[in-house]
Amino acid sequence: MAKESLIRESTVERVRSAKNVFALTGAGVSAESGVPTFRGGGGATVWKGMPFDVISSAQMVERDLAAVWEWFDYRRGVLRELKPNAAHTTLAEWEEKFNDFTLATQNIDGLHAAAGLKDVLELHGTIWQARCLACDRSKSLRDERGGEQPQRPPVCGTCGGEMRPDVVLFGEMLPANVLERAAEAAERCDVCFVIGTSGVVYPAAGLAEIAKRAGAYVIEINPERTALSDLCDETIKGQAGEILPRFQI
Ligand code: BJW
Ligand code: ZN
């Protein structure tokens, strides 16, 4: 089958004529930039012998904050060198092209914004920020460069408290205002894209369910079947960076 025939013309038309579009993205959207996914391909990420759902958990912040910093410092170091891919840039263009376009990402890598998307709903926070455990103030980690070892954990400039990475770990609540905006957009969309996520982590995966229940046409883009595939109206099998630009909105 010719590659171009993977997307039905009726699907392209449906997307082109959509008024409200919602996209939920996951680690797979950044895979072609070189960011490792957590699951998929038959394996799960392990770091220093710890499964990621152990090191990326609320309990670990209480038990060993230094290890949590080490894990996220390592990942920030990897991310500094990486660039958005064609999936990120296409989605950034869609923000300009559709009247009502909302993107909610589970990713903490900042690559949607780096591609030019102005309003990104970061459901799981961002790796580029630290947050004070005592007073909730946040500070950017963008300017930290290699070379001199930065202070770990960083100390809050306001209250002197310990800071943690500003990401949402297992067992932690998502930022309520971000989740609320995402749920509203899922509820009112006529087309919902589910891109590069295994769809097993809640409440993020529930956004696709909200869209479906509200009557949206749900399109999944993923090289593998996922926990959300049965709910989706269609799954376009393939890499997000190859599929998305072919919509030519
Ligand atoms: C490609 C590709 C290419 C590859 N193109 N695709 C309901 C039922 C059961 C459990 C729960 C539930 N509600 C809540 C829970 C508990 C828990 C949960 O969901 N657990 C399940 C896993 C069992 N959820 C939580 O704890 C959440 N908080 C919460 O619910 O608070 C309420 C509460 C609190 C306290 C008490 C009680 C209630 C928080 C979840 C936070 C998740 N955080 C992480 C870590 C963030 C920091 C970090 O980065 O380390 O977020 S976990 C990890 O998974 C990360 C991701 O954002 C998230 C989702 O993963 P994602 O994006 O789907 O990636 P993968 O790797 O799974 O999949 C990649 C996909 O891409 C694959 O399908 C590939 O095929 C595909 N792919 N190349 C397109 N080129
Ligand atoms: Zn503080």
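The values are calculated or read from the model by the stated rules, or taken from the named source; none is laboratory data. All values reported here derive from a predicted model rather than from experimental measurement. Glycine gets a Cβ as well: all are built from the backbone with ideal geometry, and neighbour counts include every protein chain shown. Accessible surface is based on the protein model in full, side chains and every heavy atom, while ligands, DNA and RNA are left aside. Shrake-Rupley method; radii C 1.70, N 1.55, O 1.52, S 1.80 Å.
In order along region 19-32, the phi-based Karplus estimate (6.51 cos²θ - 1.76 cosθ + 1.60, θ = phi - 60°) of 3J(HN,Hα) comes to 8, 10, 10, 10, 10, 10, 10, x, 3, x, 5, 9, 4, 6 Hz; Gly and Pro are listed as x. Length gained on full extension, S140 to R181, computed as 0.36 nm times the residue gap minus the Cα-Cα distance: 12.4 nm.
Protection proxy ranking, highest mean first, for peptides 158-171, 180-193: 180-193, 158-171, where packing is the per-residue count of other beta-carbon atoms within 10 Å, averaged.
Here the Karplus relation 6.51 cos²θ - 1.76 cosθ + 1.60, evaluated at θ = phi - 60°, turns the backbone of region 216-227 into coupling constants of 6, 8, 10, 10, 9, 10, 6, x, 10, 6, 9, 5 Hz, with x for every Gly and Pro. Estimated from helical segments only, the mean residue ellipticity of the chain at 222 nm is -8000 deg cm²/dmol, where each DSSP H run of four or more residues counts as -39500 (n - 2.57).
Considering only A104, W128, V12, and ranking their Cα positions along the charge dipole of the chain that arises from unit charges at the beta-carbon of Lys, Arg, Asp and Glu, the one farthest toward the positive end is W128. Charge tally around W47: other residues with Cβ under 12 Å, Lys/Arg +1 each, Asp/Glu -1 each, net -1. For region 45-57, the Karplus equation 6.51 cos²θ - 1.76 cosθ + 1.60, evaluated at θ = phi - 60°, returns couplings of 4, 10, 10, 6, x, 9, x, 4, 6, 8, 5, 8, 9 Hz by residue, with Gly and Pro reported as x. Considering only Cα atoms, the convex hull volume of the chain works out to 128 Å³ per residue. The convex hull built on the alpha-carbon positions of region 1-117 has an orientation-averaged projected area of 9.6 nm².
For W94, W47, the ranking by accessible surface with the largest value first comes to W47, W94, using a 1.4 Å probe. Rounded to the nearest 20 debye, the dipole size of region 40-97 about its Cα centre is 160 debye, using +1 on the Cβ of Lys and Arg and -1 on the Cβ of Asp and Glu.
DSSP finds beta bridges in the chain, and of those with both partners inside it, around 30 percent are antiparallel.
Measuring nothing but protein heavy atoms, the accessible surface of region 123-227 at 1.4 Å probe radius is 48 percent carbon and sulfur.
Charge dipole (Cα centre; +1 on Lys/Arg Cβ, -1 on Asp/Glu Cβ; no other charges) of region 194-242 amounts to roughly 120 debye. Once backbone amide H atoms are built at 1.01 Å from N, R152 has no partners under 5 Å, excluding neighbours fewer than 5 places away on the same chain. Its Cα centre serving as origin, the chain has a Cβ charge dipole (Lys and Arg +1, Asp and Glu -1) of approximately 220 debye. Solvent exposure of region 1-114, expressed per residue, is 49 Å² of accessible area, with all protein chains present and a 1.4 angstrom probe.
All other residues whose Cβ lies under 10 angstrom from that of R188 are scored, Lys and Arg at +1 and Asp and Glu at -1, for a net of -3.
Dividing the convex hull volume of the alpha-carbon atoms in region 130-228 by its residue count gives 146 Å³ per residue. The amide H of Y217, built 1.01 Å from its N in the peptide plane, has V191, C192 as neighbours under 5 Å, considering only residues 5 or more places off or on other chains. With contacts taken as Cα pairs under 8 Å and at least 6 residues apart, the chain reaches a relative contact order of 25 percent. Region 114-145 and region 34-95 have Cα centres spaced 14 Å apart.
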